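Report on the structure given below.
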Amino acid sequence: MCGIVGAIAKRNITPILIEGLRRLEYRGYDSAGVAVLVPGKGIQRTRAVGKVIELENALAKEPVQCHLGIAHTRWATHGKPAERNAHPHLSERLAIVHNGIIENHGPLRKRLTDLGYTFTSETDTEVVAHLLAHHYKEKPDLLCAFRSTLAELHGAYALGVIHQDEPDTLYCARMGSPLVIGEGSEERFVASDPLALLQVTDQFIYLEEGDHARLSLEGRDIWNRRNLPVEYPVLRYEHAALSLDKGEYRHYMLKEIHEQPSAIANTLEGTLAEDHVLTAVLGPDAETRLQDIQNIHIVACGTSYHAGLVARYWIEEQAGLPCQVEVASEYRYRQVAVPGNTLLITISQSGETADTLAALRHSKQQGYLASLAICNVAGSSLVREADWRLLTKAGPEIGVASTKAFTTQLTALLWFSTALAQTNNRAPEMISANVRALRTLPGLVEQALYLDGRIEQLAATFANKQHALFLGRGTHYPIAMEGALKLKEISYIHAEAYAAGELKHGPLALVDEDMPVVSIAPSDSLLEKLKSNLQEVRARGGQLINFACETAELDNGDGITHIHLPPASDSISPIVYSIPLQLLSYHVALVKGTDVDKPRNLAKSVTVE
Ligand code: F6R
């Protein structure tokens with residue numbers, strides 16, 4: 001997804017802008033650009049299709065010292081990836097960068113064309129540049145012109161603006177797309193993600209929906225959508241101490257897979273007592289508020305949705321509460337029947353996923369008891385707009401394929417299910433068993449990581465395959481779905497997951513010697529059922545790869561590979577079994593030579609619909 005960086009400082013800001021863009025590369029983009037105000041010369045723009053390094057090379061040809069500038073990585077929505085469509089966009093003496101989508105760009109473009117403006121791109125963003133220039137021409141007061149422009153935009157935007165007539169000012173605004181202000185000492189920055197600015201500051205102000213701001217060396221002014229001045233606290237970025245480089249690892253994804261034991265331990269820190277969970281983590285009156293909950297709706301996208309699917313099994317079985325789970329892109333557009341006292345849970349790594357955020361906003365008119373955001377980014381929009389929050393402490397996740405975010409979401413959800421069970425006076429043995437299991441979880445995940453070498457050998461068997469099936473039952477069915485998603489997204493092998501009992505209702509027709517079938521076969525109450533399903537696969541010549549506990553006593557034979565996992569209790573087993581599936585997709589992607597951390601067509605944070 002698109003990324004924004006802007007800076008005003010006494011020092012030369014070009015290297016800061018470039019480093020900021022580099023730090024946003026993980027989000028996915030197809031072109032990049034920068035506009036700086038060169039003293040005595042005006043705005044100088046440089047753009048390049050492809051990687052940030054291309055932009056850097058272009059800038060190196062004519063290095064300049066400057067103190068005000070904006071930069072952007074673009075992920076094409078309106079108009080194909082091309083230099084003419086890359087940001088910043090210019091109009092007269094101003095330059096702008098934009099994330100999001102301007103829905104009324106069509107009529108605005110027509111009006112501006114009629115007024116004599118010439119468009120050089122197919123983007124919705126250029127409309128904003130000309131509209132601002134037009135308002136400024138009518139009344140040469142940039143703040144007023146900026147406000148008049150914002151008032152005419154429908155859709156989502158985060159904007160950064162510089163103007164030659166105000167060489168000491170950087171303007172920005174947000175509506176539906178995230179934007180933070182970074183505070184330095186006599187210097188200020190703006191970015192769509194704080195990660196871009198950790199090179200220069202760990203102090204951030206998170207703008208609210210509808211806010212706009214004017215930044216200068218001396219200070220900042222922020223106004224809300226009614227143009228009233230607002231003040232926000234400057235927050236220290238919590239994960240700033242964490243290393244953002246790959247360290248000894250070849251890819252961020254591998255590093256993040258290996259960070260899971262500590263990410264899970266961090267997520268659980270301060271949440272567990274000897275034999276019960278500490279519900280006060282949810283806020284001072286959590287105990288009373290939890291008592292009111294009689295139903296749960298969970299809404300999320302992609303991997304986070306899979307975490308919700310696992311949680312449904314836990315919440316219904318352990319807490320005895322009805323629970324339904326839905327993808328946010330569907331939920332946000334339908335009239336949901338909400339039974340009394342229903343809690344809405346949104347799950348998101350980034351907290352900025354457009355569909356999930358829209359689902360939360362949509363829920364506000366549906367009569368929910370309250371909303372809870374389970375999220376990895378403390379200052380994100382989702383966290384700020386939800387009634388309650390439960391933070392996962394995975395640290396920054398850079399690899400596009402979600403790994404440690406997923407297992408920490410599962411950890412938080414198991415904790416939450418236990419909290420509900422505890423509040424509803426469910427069996428104390430089950431609650432203390434969950435607490436014990438959660439304590440052993442980081443160690444078991446560590447043991448599962450030892451399978452790395454074994455899985456690396458196995459990966460070669462996928463190299464020439466076009467398709468794969470993943471099977472699981474119970475809580476491990478959504479884990480099979482997540483395994484299939486991981487394989488698809490980074491190795492580009494078509495993979496589907498089925499609840500193993502569904503095999504005979506259709507997908508069995510696909511099984512032959514060219515179809516690897518991955519089964520997740522922990523020693524639980526459904527193992528015997530799963531064994532029959534696996535025999536159906538072997539009888540058709542399908543190649544079986546079983547992730548199972550040593551005690552599972554699965555059939556041996558040609559075409560069957562077993563990977564043994566450490567024994568884990570039922571509640572945490574889906575979390576432990578996620579690890580080898582992540583490693584499998586990683587190693588298959590290496591064999592296939594794909595771009596593991598930045599798979600084609602995908603973005604880390606999906607901030608447009
Ligand atoms: C897959 C993946 C995506 C995200 C989805 C939601 O590996 O990362 O499917 O899970 O885009 O993102 P968040 O969790 O940030 O809302």
Within the bounds of region 335-354, is there any residue that is under 27 Å from VAL400 (Cβ atoms), surrounded by fewer than 19 Cβ atoms within 10 Å (Cβ to Cβ) and not acidic (Asp, Glu)?
-> no
Which residues, counting only those in region 345-366, are within 15 Å of the ligand (Cβ to nearest atom), on the phi < 0 side of the Ramachandran plot and not hydroxyl-bearing (Ser, Thr, Tyr)?
-> ILE345, ILE347, GLN349, GLU352, ALA354, ASP355, LEU357, ALA358, ALA359, LEU360, ARG361
Test set (1) surrounded by fewer than 22 Cβ atoms within 10 Å (Cβ to Cβ); (2) out of contact with any Cys (no Cβ under 9 Å at 6 or more places or on another chain); (3) among the aliphatic types (A, V, I, L, M) - LEU55 fails condition number = (1)
Would you check which residues across region 259-277 are away from the ligand (no atom under 16 Å from the Cβ), in a helix (DSSP H, G or I) and aliphatic (A, V, I, L, M) and list them?
-> ILE264, ALA265, LEU268
If you go through region 327-356, how many residues are touching a helix residue (DSSP H, G or I) at 6+ places or on another chain (Cβ under 8 Å) and charged (D, E, K, R)?
-> 3
Reported set for region 17-46 where residues are surrounded by fewer than 24 Cβ atoms within 10 Å (Cβ to Cβ), in contact (Cβ under 8 Å) with a residue 40 or more places away in the chain and among the aliphatic types (A, V, I, L, M) is ILE18, ILE43
Could you tell me whether any residue of region 411-420 is free of Cβ contacts under 8 Å to residues at least 24 places away in the same chain and more than 22 Å from MET481 (Cα to Cα)?
-> no
Quick one: is ALA412 within 17 Å of ALA286 (Cβ to Cβ), more than 16 Å from the ligand (Cβ to nearest atom) and touching a helix residue (DSSP H, G or I) at 6+ places or on another chain (Cβ under 9 Å)?
-> no
Counting just the residues of region 367-395 that are outside any helix (DSSP H, G or I), among the small types (Gly, Ala, Ser) and in contact (Cβ under 8 Å) with a residue 40 or more places away in the chain, which one comes out farthest from the ligand (Cβ to nearest atom)?
-> ALA370
If you go through region 493-522 one residue at a time, how many are surrounded by 17 or more Cβ atoms within 10 Å (Cβ to Cβ) and among the small types (Gly, Ala, Ser)?
-> 6
Checking LYS488 against (1) modelled with pLDDT of 95 or more; (2) in contact with a helix residue (DSSP H, G or I) (Cβ under 7 Å, 6 or more places away or on another chain); (3) closer than 27 Å to TRP314 by Cβ; (4) surrounded by fewer than 22 Cβ atoms within 10 Å (Cβ to Cβ), which single condition isn't satisfied?
-> (2)
Inspect region 310-319 for any residue being within 14 Å of the ligand (Cβ to nearest atom), buried (at least 23 other Cβ atoms within 10 Å of the Cβ), modelled with pLDDT of 95 or more and closer than 30 Å to CYS2 by Cα and give the result as yes or no.
-> no
Does HIS297 satisfy the condition of being more than 14 Å from the ligand (Cβ to nearest atom) and surrounded by 22 or more Cβ atoms within 10 Å (Cβ to Cβ)?
-> yes
Tell me which residues, restricted to region 438-472, are touching a residue at least 60 places away in the same chain (Cβ under 8 Å) and assigned to a loop (DSSP other than H, G, I, E, B).
-> LEU451, ALA463
Report yes if some residue within region 580-594 is touching a His at 6+ places or on another chain (Cβ under 7 Å), under 30 Å from SER432 (Cβ atoms) and in a helix (DSSP H, G or I); otherwise report no.
-> no
Residues in region 585-609 that are in contact with a Leu (Cβ under 7 Å, 6 or more places away or on another chain) and away from the ligand (no atom under 14 Å from the Cβ): how many?
-> 1
Tell me, which strands (runs of 3 or more DSSP E) wholly within region 100-210 include 3 or more residues that are modelled with pLDDT under 95 and surrounded by 21 or more Cβ atoms within 10 Å (Cβ to Cβ)?
-> none
Residues in region 494-502: is at least one in a loop (DSSP other than H, G, I, E, B) and at pLDDT below 95?
-> no
Only residues in region 297-324 that are under 16 Å from ASN341 (Cα atoms) count as the first member; pair them with residues that are assigned to a helix (DSSP H, G or I) and within 16 Å of the ligand (Cβ to nearest atom), Cβ under 6 angstrom, at least 6 apart or cross-chain, and list the lot.
-> ILE298/GLY308
For region 488-502 the number of residues that are touching a Phe, Trp or Tyr at 6+ places or on another chain (Cβ under 8 Å), within 16 Å of the ligand (Cβ to nearest atom) and not charged (D, E, K, R) is 5
Could you give me the residue pairs with C-beta distances under 6 Å whose first residue belongs to region 581-609 and is among the β-branched types (Val, Ile, Thr), whose second residue is outside any helix (DSSP H, G or I) and within 12 Å of the ligand (Cβ to nearest atom) wherever it lies, and which are 6+ apart or on separate chains?
-> VAL606/THR353; THR607/MET1; THR607/GLU352
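The values are calculated or read from the model by the stated rules, or taken from the named source; none is laboratory data. Here the structure is a predicted model, which is why all the values come from computation and not from measurement. Reconstructed Cβ throughout: ideal geometry from the backbone, glycine too, with neighbour counts over all protein chains shown.
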